[in-house]
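Enquirer: Have a look at this one before I ask anything.
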C-alpha cells in the first residue's frame, strides 16, 4: 500500500516548478535535498516526460521500474505469518 500511495502522490503532484515538492526538508523551508531530484524524475516518468526525468535524476526510470516490480511481487505473493520459517 505504501508504494502505491507514494506513486499516486508523485503522479498527482503539481507540475514541477519552484517550491513544488513533497520533500519534508523543502516543506519546512530548509531547501531541496538530493532526493528531491529523484521525486521529480519519478513524477516525470509517470507522465511519460522522459527527457525531463533525465534532467532531474538519472535513476528516475530505473526507480519506477523497480517500484512497479516490487508492487507486483507484493500483490502476487502476500506475506505469510511471520512465525513461519522460510
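Enquirer: Does residue 43 satisfy the condition of being more than 11 Å from the chain's Cα centre (by Cα), under 14 Å from residue 13 (Cβ atoms) and either modelled with pLDDT under 80 or surrounded by 10 or more Cβ atoms within 10 Å (Cβ to Cβ) (or both)? Steps first, please.
Expert: Numbers: more than 11 Å from the chain's Cα centre (by Cα): no; under 14 Å from residue 13 (Cβ atoms): yes; either modelled with pLDDT under 80 or surrounded by 10 or more Cβ atoms within 10 Å (Cβ to Cβ) (or both): yes.
Taking the combined requirement at face value, the residue does not satisfy it.
Enquirer: Here's a follow-up. Among residues belonging to region 12-40 that are surrounded by 12 or more Cβ atoms within 10 Å (Cβ to Cβ) and at pLDDT 75 or above, point out the one that is nearest to the chain's Cα centre (by Cα).
Expert: 39
The values are calculated or read from the model by the stated rules, or taken from the named source; none is laboratory data. All of these numbers come straight from a predicted model, not from anything done at the bench. Positions of Cβ are generated from backbone atoms using ideal geometry, with glycine treated the same way; all protein chains shown enter the neighbour counts.
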